[in-house]
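> Have a look at this one.
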Amino acid sequence: MDILVVGSGGREHAIIRALKKSCQVNKLYCAPGNGGIACDAECLPVGAMDIEGMVRTAKEKKVDLVFVAPDDPLAAGMVDALQAEGIRAFGPKANAAVIESSKVFSKDLMKRYHIPTAEYEVFDNPAAAVAYVQSRSKYPVVVKADGLALGKGVVIAQNFVEAKEAIHSIMEEKVFGASGNRVVIEEFLTGPEVTVLAFTDGKCVKPMVSSKDHKRVDDGNRGPNTGGMGTISPNPHYTPEIADECMRTIFEPTIRAMSQEGRPFQGCLYFGLMLTPQGPKVIEYNARFGDPEAQVVLPRLKTDFVDVINATIDGTLSELDIQWSNDAAACVVMASGGYPKSYPKGLKISGLNQDGQVDGVTVYHAGTALKDGAFYTAGGRVLGVTALAPTLEEALAKAYNGVAQISFDGAHYRKDIGRTV
């Protein structure tokens, strides 16, 4: 098969590296890709949101499959457009991707179908939202932009002043654009966080191995939220008993709910969970592989990735036995100094070989450019340094050993991945 992967980050690199293992894959393309991805696939100059351009490119290259990886093109209907032209595509249609692109939709869905989640209120008026948080006696409180915001549209406000400022920046300053026209204000849940990605064909749901993301930029879970500073898999808090409970109370009910709403979900559904004292609850859904979760989950996949993709598209997932490695995986993200705020680009990266790799680990490129045989920074999150080993401690040691061999000016990474609750 010739396959085109849409996107340009570490998640897309992980998808491409997983596809490369399959004997069913002939040629891999990525649009637009990045410097490191160019070592594993042919990068094409088509923007991830250029739906017409992507359809045209898929036809020109006569690809057998398009894997739409990022949230924005899924929400904009790229899968719909590809399938309308008879092009095989992996990912949910726009009417199902709304489970991520609208927090209001997902929260109301959970309320209607009794799927456990935090209590919440929705506001489209800033003054009403401020009045509500002022009336609350219990803090912290969580303020979320309704729409897509690159994983940064969530503020955990410790008091009224912080909540008011969050509402002002999201709804009035429009720091996330139209995504902040509405906000969800919800109770603050406590407990270990778990991410469970799942393959689903709209009827059957097959959870992948669990993982844990580290969202805050600094050690000790301090500083602003990011797209993710590192991940581990499996999540030590996610026991088989909890997995069974989540299947019964969250995973299967969500898939049934989406079908009953006339929005069958086919693709990868991301469950962001909190293991509260009252049981597992949904923090958020994503309509695609998480980044950097994909960088620790996909390396553990033993079953041919192409077989899983085909079963997901064809509605035959219940017939497939998906196997996973017992090894643990750890990913440490190396980010640009200043991320998630402003940061420089174009800094030379040292320590990578000509394939953008380091011995003993896998380096997933999130934001790099390749120029005259050298790699340069081109984003906030630059690299995801990932290792597998029989134990989590060994995987972390290998990943940090890989990080120690790579350098660029102002490189920032957390030193406590896998060591915080």
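The values are calculated or read from the model by the stated rules, or taken from the named source; none is laboratory data. Everything quoted here is computed from the prediction, not taken from an experiment. For neighbour counting, all protein chains shown are included, and Cβ atoms are generated from backbone atoms with ideal geometry for every residue, glycine included. Areas reflect the complete protein model, heavy atoms only, side chains present, ligands, DNA and RNA absent. Shrake-Rupley method; radii C 1.70, N 1.55, O 1.52, S 1.80 Å.
> May I ask you to list the residues in region 76-108 that are farther than 18 Å from Pro32 by Cβ, of a type in the set (Gly, Ala, Ser) and in a helix (DSSP H, G or I)?
Ala84, Ala94, Ala96, Ala97, Ser101, Ser106
> Within region 73-107, how many residues are surrounded by fewer than 17 Cβ atoms within 10 Å (Cβ to Cβ) and either farther than 23 Å from Leu44 by Cβ or in contact (Cβ under 8 Å) with a residue 40 or more places away in the chain (or both)?
Looking only at that region, the number is 2.
> While we're looking at this one, here's another question. Is there any pair linking a residue in region 120-134 that is without any contact (Cβ under 8 Å) to a residue 60 or more places away in the chain and farther than 19 Å from Ile283 by Cβ to one that is of a type in the set (S, T, N, Q) and part of a loop (DSSP other than H, G, I, E, B), with Cβ under 7 Å and at least six apart or on different chains, and which?
Asp124/Asn181
> Test Gly373 against the criterion of being surrounded by 14 or more Cβ atoms within 10 Å (Cβ to Cβ), on the phi > 0 side of the Ramachandran plot and in contact (Cβ under 8 Å) with a residue 12 or more places away in the chain, and give yes or no.
It is false that Gly373 is surrounded by 14 or more Cβ atoms within 10 Å (Cβ to Cβ), on the phi > 0 side of the Ramachandran plot and in contact (Cβ under 8 Å) with a residue 12 or more places away in the chain.
> Give Gly338, Gly410 a once-over and let me know the one that is more than 26 Å from Val209 (Cβ to Cβ), within 22 Å of the chain's Cα centre (by Cα), touching a residue at least 24 places away in the same chain (Cβ under 8 Å) and open to solvent by 10 Å² or more (accessible area, probe 1.4 Å).
Going through Gly338, Gly410 in turn, just one is more than 26 Å from Val209 (Cβ to Cβ), within 22 Å of the chain's Cα centre (by Cα), touching a residue at least 24 places away in the same chain (Cβ under 8 Å) and open to solvent by 10 Å² or more (accessible area, probe 1.4 Å): Gly338.
> Only one residue in Ala374, Ala404 is at pLDDT 95 or above and either of a type in the set (Lys, Arg) or touching a Lys or Arg at 6+ places or on another chain (Cβ under 8 Å) (or both), so which one is that?
Only one candidate qualifies: Ala374.
> A further question on this structure: Taking region 53-72 only, how many residues are open to solvent by 10 Å² or more (accessible area, probe 1.4 Å) and free of Cβ contacts under 8 Å to residues at least 24 places away in the same chain?
2
> While we're here: Does region 256-273 hold any residues that are surrounded by 21 or more Cβ atoms within 10 Å (Cβ to Cβ) and at negative phi, and which are they?
Met258, Phe265, Gln266, Cys268, Leu269, Tyr270, Phe271, Leu273
> If you check Thr249, Thr254, Thr312, which single one turns out to be assigned to a helix (DSSP H, G or I), touching an Asp or Glu at 6+ places or on another chain (Cβ under 8 Å) and not basic (Lys, Arg)?
Testing whether each residue is assigned to a helix (DSSP H, G or I), touching an Asp or Glu at 6+ places or on another chain (Cβ under 8 Å) and not basic (Lys, Arg) leaves just Thr312.
> If a residue must be closer than 28 Å to Gly379 by Cα and surrounded by fewer than 22 Cβ atoms within 10 Å (Cβ to Cβ), how many such residues does region 158-189 contain?
12
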